[in-house]
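Notes to accompany the following structure.
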Amino acid sequence: MRTVIFRTVAPYLTSLMVLFSIFVLLRGHNEPGGGFIGGLIAASAFAIYGIACGVAPVRRAIYFHPMAISAFGLFLSAIAGMISLPLSVPFMTGNWMKLYFFGVELDLSSVLIFDIGVYFVVVGAITSIALALEERDRD
Amino acid sequence: MAAPDGMTIIALGLPFIAALVAPALVRRLGHNAVWALALFPLFVFVRFLEFLPEIAGGEAVTGGFQWAPSYNVSFSWFLDGLSLTFALLISAIGTLIVFYTGGYLKGHAQLGRFYSFIFLFMGSMLGLVVSDSFLMLFVYWELTSITSFLLIGFDHGREASRRAALQALIVTGLGGLSLMAGLLVTWNITGVTQLSLLVGLGEEVRASPFYLMALILLLGGAFTKSAQFPFHFWLPNAMEAPTPVSAYLHSATMVKAGVYLVMRMNPAFGDTVAWETILPVFGGATLLIGSLLAIRQTDLKLMLAYTTVSSLGLMVMMTGFGSEHAAAAGVLYLVAHSMFKGALFMLAGNIDHESGTRDITRLGGLRKLMPISFLAAMAAALSMGGLPPFFGFLSKEEIYYGLWHMDAWSVLFVLVAIVGNGLMFVIGFAIAIKPFLGKEVETPKHAHEAPFLMWIGPATLATGGFLAAVLSPLFHRFVSSPMVSAVTGRPEEITISLLPHIGMPLLLSLITIVFAVLVYLKLDAARAAIAATLAAIGWGPDRGFDQFISGTVRLSRRVTKFVQPGQLDIYMTATFAAVAITLIAPMVIFDELPALPVWPADAEIHELAVILIAFIGLGAVISAKDRLTAIVSLGIQGFAVALIFMLFGAPDLSFTQFMVETLSVVILALVMTRLRLSPADHRPTGQKIVDATVSIACGAGFMLYLLSVTEVPFRSYLSDFFIAYSKTIAHGANIVNVIIVDFRGTDTLGEIAVVMVTGLAILSLIRVRPGWKPGMLAENDPDAPRQEKK
C-alpha cells in the first residue's frame, strides 16, 4: 500500500487528523465530540501514518510507548476524580473554575481533565494494537 | 466522624513519602542516609505518643473523611488502646530497624530500594491498625501482603527467595480474600462498615445465622496472616529475607496483623462456643507444633521463626480463651514478644554478620568479642523465658493466671502452655548462651562487636523490656490497660507487677522453668528425636503447598486444553452460537417474541437509499471473491448504519460508529494479512451451512431483541433528568458527553480501564511467538542468560 501518493500525503493527513481530534476532544462538552471519538480519530491517524511510512517513524514521532500513553490517560482520569477529595465532595464530582486568559473567559474543569484522560487511554490502546499488528506484518 | 486532623494524616502518609525519597537519599549519602530516614518513623512515633493521655483516659480518637458516601465508604481512622499500642510498636521498632538496616546492609547496591520497601510496609501496617472502615482495612491488609512479598523476594536472584516470597503471597493473599468475604458478610449482618461501630453490635452479630460463616472467613484471614497451624509453613520460609525484614515484619509487626484482627473482633464476635473452641484449639496446636519444630532447628533465624509461630499461637489461644485475664495475658505477651523477639532477631543477624554463620552448632565463645550483643541477648532471653525482672515475666504470670481453672479444658491448655513456654524458654537461652559462652570456636569470619547502628536496636528493645516491667504501673496505665479494654470491649485494669503473688501462677511458672532446664540439658537428644519423628512422617504442609500448586497448574492446563483446543473457528462458532442462544432462548421460552413492525408509510427516499446501501454492502460481503474485499465491504454496511444514526438525530453515536468502522476495517485487514491465510475463502459446504445458520441466528436474535426492547413503552424520566440538568449543573450542552464524563464518570473510569487492559492483553497476544511454551523465559527476563549484543 506504500504508493508514492499515499506516502507523500500521509504526514499531512496525519497531522490534520490529530489536530482535528484535539478539536473534537475540546468541543465535546457542548457539541458532538469528546475524548472517546477524539481518541479514535487520533488512533486512526497514527494507523494511517504507520501503514504509509512504516511503524518505526510513528514510534519515533509519538516518542512514548503507546501503552504508556494509555496508562497515563487512566492515571489522569483517576486523578481527575480525586480532585474532589481535598474539596470534600464525593468522588468524581465535576469541579469548575474560571480562568481569564487575555480577556477571554475560559471554563476549566476536572471533567475536562477526565475527558483528556479518556482520549489518551483510547489513543494509546488502539495505537499500540494497530502498530503491533503493522510491525508483525514485515517480520 | 471528627474532622480530619492534619498531623495524623501526615503521620499516616509520611512512611510513603519516605519510601519515595529513600532511594535518592541513599544514592547521595550512602548508608549515612539512615540518620535522615530515621526521622520519618520517629516523627510518626512522637505523633502517636501525643495520643497516650487521651486514650489512657478511656477515649477513642476518630477522624477521617468521606470517600464515597453513597456506598458508606470513608477513609477514616479509629484510635483506641489496641490500635495505638500497635501504632507505637510499628513506629518505634520501625525507627530501630531503619538504624539496623543501615549497618546490616551497609554498602549493599540496592539499599535504597530496600528502604523504599521497608517504608512502604511501615505505611501499610500503620494504616492497617488505625483503619476504621472495612475497605481501608482490607486495602492496607493487602498492601502488607504485597510489601512482605517484595521484601522476602528482595534477594530475587535466588530460587529459594523467590519460592518463599511467592508462597507467602499466595497464602496471605488467599487469606486476604477470605478476610474480604468475611467483612462483606459482617457488613451484610450488621449494616455497618466501620470497626468502631461493630463493638456495640455484638448481640446482633452473635445472633445472626451467618455468624459462623463470617467468623470462619475472618479467621481465614487472621490465621493465614499470623501463620497459625496449618498455615504456619510460610513464616519460616520467609526467613529467606534479609534479617531486618525478619525482625520487623515476620516477628514484631506484620504477622501480628492476624492477632490484631482477632483482638479487634473479640468484642463483637467473642464470647460464643465457636469462638472459645476454634481459637484456643488452633492457637494451642500452633503453639505446640511451632515450639517442637523450633527445637529441631540449628539455624538461629529458623529457631526464632518457629518460636514466632508458637508465640502467635499463644496469643491467639489467649485471646480466644474468653476471660479478662486471658485477654490481658494475650495483650501483655504481644507487647513483650515484639520487644524480645525483635531484639533476638537483630542479634541473630549480628552474629551472622560478624561471624559469618548462623548455625548454632558452629558458634561459641563470642562473649568477649561481642559483649554488648551478649548482654542484649541475655536480657531478651530472660524476657522470652518469662523471668523477672523483665516484661515477659509479667505476661507469663498473667497467662497462667488467666488459664488456671479447675476443669479439664483449662488443665489441658495449662499443659499446652507449660510445654510451649518451656520450649520457647529453651530456644531463647540456647540463642543467648550457646553462641556466646563456652569455648571459642573457629568461625568463617573473625568476629568482633557489631557497629553502633546494629546494636542500638536490640539494646533499646532489651532495655525496653526491663523498663516496662520495672515501671509497670505507669506502663499499664498508659498502654496495657487501654489495650485490654479495647480487646474486651469493657474498661479493664491490669495490676500485675514484678512482685510475685504466691499462688498457682507462680508455681506453674516454676514447673515451666524446671521442665525447660531439663529439655535444655538434653537439647541435642531432643533435636534428634524430633528430626527422626518428622522424617518418619515424611510429609508437611510445606510439601503440601508444592503439591497444591503443581496440582493447580495441572488442573488448569487440563481445563485450558479442553476449553481452548487452539482452533480459531471453534472459538468463533462457540461464541456466536452462545450469543444467539442467550438472545433467542429466553424470548421463546417465556413467549415474549415481539410483533413484527409494520412498514413505515412515511419513509423518505433518502432513508430508503441508506438502507439500500446497507443491503448492497451485505451482498458484497457474501459474494466477495477474496477476504480483503469482504472486509472492506463490511465497512460499507457499517457506514450505512452510521448514516442511519445521523439521520435519526444521534450525531455522537454516528460519529463514533464511523470511526469504529474505519478502525475495525483497518485492524481486521491487518490481522488477516498477519494470519497468512489464502486470499480466497474455501470452506466445505457443510461448514458453510453451519456458519450461515449461526450467523443468521445471531442477526435474527439481535433484531428480535431490539424490536422487543422498543416495544416496551419508553419511560423518559432518565432522559428528562439529563435534559433538565445537563446544562444547569454540569455546564455542558452535549448531553451524551456530559453523561459519559460527568453523570456516569465512574462508569467511564471503569470502562477506560477495561479498554487499557484489553489493549495490553491484545498486545501480549500479538507478541506470542509460535513455538513458545509455558515456563520459557521471556526475552526481558532478568534471569535469562545475557546475550552479547552484536
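Taken together, the values in this text are just the output of simple stated rules run on the coordinates, not laboratory data. Given the structure is predicted, the values throughout are model-derived calculations rather than measurements. In this analysis, Cβ positions are derived from the backbone assuming ideal geometry, glycine residues included, and neighbour counts consider all displayed protein chains.
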Residues other than A:TYR119 with Cβ under 14 Å of its Cβ, Lys/Arg counted +1 and Asp/Glu -1, net out at -1
Here, B:ILE570 and B:PHE65, labelled 7 Å along Cα→Cβ, have an inter-label distance in nm of 5.5
With 0.36 nm assigned to each residue of separation and the Cα-Cα distance removed, B:ALA680 to B:LEU507 gains 53.0 nm
Taking every residue of B:726-739, the Cβ atoms of other protein chains inside 10 Å of its Cβ average out to 4
Partner shielding of A:68-74, taken as the mean number of other chain Cβ atoms within 10 Å, equals 3
Distance in nm between A:VAL4 and B:PHE615 label points, each 7 Å along Cα→Cβ, equals 4.5
Within the range B:709-731, the residues whose backbone N lies under 18 Å from a label point placed 7 Å from the Cα of B:MET587 along the Cα-to-Cβ direction are B:709-714
Scoring only Lys, Arg, Asp and Glu (+1, +1, -1, -1) among other residues with Cβ under 11 Å from the Cβ of B:LEU647 yields -2
Heads up, the range B:569-714 by the C-alpha gyration tensor (a ≥ b ≥ c square roots of eigenvalues; a/c under 1.5 rounded, else a/b over b/c prolate, else oblate) looks oblate
Straight-line reach check, B:LYS434, cutoff 15 Å on alpha carbons, 8 or more apart in-chain or any other chain, hits among aspartates and glutamates -> B:ASP299, B:ASP352, B:ASP359, B:GLU442, B:ASP524
Going fewest to most other Cβ atoms within 10 Å around each Cβ, B:TYR104, A:TYR100 line up as A:TYR100, B:TYR104
Dipole check, chain B, charges on Cβ (K,R +1; D,E -1), about Cα centroid: among B:ALA11, B:GLN110, B:GLY63 the Cα furthest to the positive pole belongs to B:GLN110
Computed about the Cα centre, the charge dipole of the protein assembly as shown from +1 Lys/Arg and -1 Asp/Glu charges at the Cβ has a magnitude in debye, to the nearest 20, of 3200
Expected sort for B:145-155, B:635-645, B:599-609, A:109-119 on mean C-beta neighbours within 10 Å, highest first, is A:109-119, B:145-155, B:635-645, B:599-609
In the structure shown, of B:LYS301/B:LYS445; B:LYS256/B:LYS396; B:LYS368/B:LYS445; B:LYS225/B:LYS396; B:LYS256/B:LYS301, the pairs separated by more than 22 angstrom at the C-alpha atoms are B:LYS225/B:LYS396
Least to most buried among B:ARG676, B:ARG683, by other C-beta atoms within 10 Å and fewest first, runs B:ARG676, B:ARG683
Once both label points are put 7 Å beyond Cα along the C-beta direction, the B:GLU607-B:HIS448 separation in nm becomes 9.6
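Take peptide B:650-660, look around each residue's Cβ out to 10 angstrom, count Cβ atoms belonging to other protein chains, and average those counts. Kindly include the intermediate steps, with their values, before the conclusion.
Details: counts 1, 3, 7, 2, 1, 9, 6, 1, 4, 13, 5.
Mean shielding by partner chains, rounded to a whole number: 5.
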Most exposed to least, judged by fewest other Cβ atoms within 10 Å, B:LYS625, B:LYS439 sort to B:LYS439, B:LYS625
Given B:387-399, B:343-355, B:507-519, the highest-first ranking by average Cβ count within 10 Å works out to B:343-355, B:387-399, B:507-519
Long-range amide H partners of B:LEU366, meaning residues 5 or more apart or on another chain whose placed amide H is closer than 5 Å, are B:PHE436, B:LEU437
For the range B:582-734, the dipole about the Cα centre with charges only on Cβ (Lys and Arg +1, Asp and Glu -1), to the nearest 20 debye, works out at 700
Relative contact order of chain B (C-alpha contacts under 8 Å, at least 6 apart) in percent is 10
